[in-house]
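Okay, so here's the structure we're looking at.
Values in this text are rule-based calculations from the coordinates and carry no lab data. Because the structure is predicted, anything quoted here is derived from the model rather than measured. FYI the Cβ positions are ideal-geometry reconstructions off the backbone, even for glycines, and counts take in every protein chain you see.
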Amino acid sequence: MPKKPSPVAPAPPPDRCEINVFDPKKVASAKKLMPPTDDIERMSLIFSCVAHPTRIKIIQALFLGELCVCDLAQVLGSSVSAVSHQLRTLRAVRLVKYRREGKMAYYSIDDEHVRALFALGLEHVRHR
């Protein structure tokens, strides 16, 4: 009976270390800089919320200033109901805020952090 060749472990992908060792000082430093779990979870919600083209368009439109739901629906070529749904999602993570004036609801960017976050995101997309 012929002898089977001994199995050879497959080479790791080129984007991975070939050996499993770590630098304890770097690991400790990275752990020390890690934000609390609650902050990470809230950040995750914000990033997942803006991972939708319509919501990005809404925020971009609001950079010009306050707009009512009907204005935003016209800008996006969408229904008032669909825009309202997206605005509720954005409001839940405090990316936008609103105020009522009579029968109108006007939306705006919640604060300058949102503007900075999006400016950096756009800068990153355009970089290369």
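One residue stands out in segment 74-128 among those that are outside any helix (DSSP H, G or I) and of a type in the set (A, V, I, L, M, F, W, C): the one that is nearest to F63 (Cα to Cα), namely I109. Note on segment 96-128: residues that are among the aliphatic types (A, V, I, L, M), under 21 Å from L45 (Cβ atoms) and touching a Ser or Thr at 6+ places or on another chain (Cβ under 9 Å) total 1.
The rows are residues; the columns are (1) closer than 30 Å to R115 by Cα; (2) more than 23 Å from the chain's Cα centre (by Cα); (3) surrounded by 11 or more Cβ atoms within 10 Å (Cβ to Cβ).
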{"position": "P24", "(1), (2), (3)": "no, yes, no"}
{"position": "L67", "(1), (2), (3)": "yes, no, yes"}
{"position": "V75", "(1), (2), (3)": "yes, no, yes"}
{"position": "A92", "(1), (2), (3)": "yes, no, yes"}
{"position": "G102", "(1), (2), (3)": "yes, yes, no"}
